[in-house]
Amino acid sequence: MITIVVTGGAGFIGSSFVNLIQEYSNSHNLFNVIVVDSMTYASNPELLPEGVKVIQKDICDLKKEDIGEVDYIVNFAAESHVDNSIEDGSPFIHTNILGTYNLLQVARQMTHLEKFVQISTDEVYGDLSQHSNMSKEDDVHKPSSYYSASKSAADGLVIAANRTYDLPYLITRTCNNYGIHQHNEKFLPKIINCVENDLPIPLYGDGQQIREWIWVEDNVRIIFDLMISEHGIWNIGSGDRYTNKEILKGLSEITSKHIRVEHVEDRLGHDRRYGLNSSKLNDNYDNDYITINLMEYLRTYVTK
């Protein structure tokens, strides 16, 4: 049986990944899943399938004896809210950098580790507003926040562990995720809540920031496929890009409601545009991993 440790497994994306693995395991009895999560405000253990082993522990404190010999370590654990990193960057340094370093040290003690999987972000590439190119896997990082800088540093540690110790690895850099269990601090749940409760929607600056969006279930499916079959760095994008104002317009049309906007001072260091070049992924997987786009999702899950 294949043992997979999923750190941050009680979070939004991590729990979706755990549920996917559990579905495969129920069908084929292939996987033993261990979730490691410190159970912060962004964790929800109720999202985990019944019977999964859960270790409540900070990844900075995890030891090999806590998990035993494993085949894969998949690191979803992260502080991820940019606004929070602007207020106080220290939790991001602690979890995203020191936590990843400790996990790599644990991984190096395994006798038959198949792969260390680091879940990263398109934000490591920085702002694309000055040119028309999409971010490629080998682009130089230009992070703009303590969050993105800490994720970039974590990626560097994983690559260094491979170079120095020959640690097998996979890094996935994904665009913005969405789904029904996302924490209400994130952009989509926040604006949906405002619309449903007839509240004004806070909008940073002019609302022309462009982001790329992917349904969390599509994302975790491709992460799983890459985990089993690939190595190196892979962008996971959808090509589904909107300005924030376009999303509000679409939401207004879907709900048939007038949306009130409250313009607020722009975020410090706010990147204007992200976009992933996912040609490497599309060439190998025929783009069939995308099953729904953002507007279809909103039409399906947002009450009119």
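Points to keep in mind about this one:
- Using a cutoff of 8 angstrom between alpha carbon atoms and counting only pairs six or more residues apart, the relative contact order for the chain works out to 18 percent.
- Residue (of Tyr41, Gln208, Ser150) at the positive-pole extreme of the chain, dipole from beta-carbon charges: Gln208
- Rounded to the nearest 20, the Cβ-based charge dipole of segment 215-304 about its Cα centre (Lys and Arg +1, Asp and Glu -1) stands at 500 debye.
- Given +1 at the Cβ of Lys and Arg, -1 at the Cβ of Asp and Glu and no other charges, the dipole of segment 20-137 around its Cα centre is 460 debye to the nearest 20.
- Potential lengthening of the chain between His141 and Asn284 amounts to 49.0 nm, from the contour at 0.36 nm per residue minus the alpha-carbon distance.
- Between helix 187-196 and the chain: long-axis angle, C-alpha atoms, 0 to 90°, nearest 10: 40 degrees
- Based on Cα contacts under 8 Å between residues 6+ apart, segment 64-170 shows a relative contact order of 35 percent.
- When the trypsin sites (Lys or Arg not before Pro) in segment 48-107 are filtered for DSSP coil states and for at most 13 other beta-carbon atoms within 10 Å of their beta-carbon, the remaining sites are Lys63.
- Electrostatic dipole magnitude of the chain [Cβ: Lys, Arg +1; Asp, Glu -1; Cα centre; debye, to 20]: 240 debye
- Share antiparallel - DSSP beta bridges, the chain, percent rounded to 5: 5 percent
- Nonlocal amide H pairs with Arg273, under 5 Å, H built at 1.01 Å: Leu128, Ser129, Ile210
- Karplus-derived 3J(HN,Hα) values for segment 149-156, using 6.51 cos²θ - 1.76 cosθ + 1.60 with θ = phi - 60°, are 5, 5, 6, 4, 4, 5, 4, x Hz; glycine and proline are entered as x.
- Calculated [θ] (222 nm, deg cm²/dmol) that DSSP helices of n ≥ 4 give over the chain, each run adding -39,500 (n - 2.57): -10500 deg cm²/dmol
- Once the Cα atoms are used to define both axes, helix 244-255 deviates from the longest principal axis of the chain by about 70 degrees.
- Three-way shape label, segment 1-77, alpha-carbon gyration tensor, a/c 1.5: oblate
- Cα lying deepest toward the dipole's positive end in segment 1-157, options Ser27, Val70, Gly89, charges on Cβ: Val70
- Of Ser279, Ser238, Ser150, the sequence from fewest to most neighbouring Cβ atoms within 10 angstrom is Ser279, Ser238, Ser150.
- Take 29-42, 154-167 and order them by the average number of nearby Cβ atoms within 10 Å per residue, most first; the result is 29-42, 154-167.
- With the charge dipole of segment 208-304 set up from +1 on Lys and Arg Cβ and -1 on Asp and Glu Cβ about the Cα centre, the Cα lying farthest toward the positive end among the listed residues Leu226, Asn284, Leu294 is that of Leu294.
- Each residue of segment 25-38 is assigned a 3J(HN,Hα), and the resulting list reads 5, 5, 7, 10, 6, 9, 10, 10, 9, 10, 9, 10, 8, 7 Hz, derived from the Karplus form 6.51 cos²θ - 1.76 cosθ + 1.60 (θ = phi - 60°), x at Gly and Pro.
- Here the spin labels are modelled as points 7 Å beyond Cα on the Cα-Cβ line, and at Lys257 and Thr164 they lie 5.2 nm apart.
- Residue-wise HN-Hα coupling along segment 100-116, computed from phi with Karplus coefficients 6.51, -1.76, 1.60 (Hz; x: Gly, Pro): 5, 4, 5, 4, 5, 5, 5, 4, 5, 7, 6, 8, 9, 5, 6, 5, 9
- Cut-off under 5 Å, modelled amide H: who pairs with Asn44 long-range: Gly11
Where a number appears in this text, it was derived from the coordinates with a stated rule and is not lab data. All values derive from a computational prediction rather than experimental measurement. Using ideal geometry, Cβ is built from the backbone for each residue, glycine included, and neighbour counts are taken over all protein chains shown.
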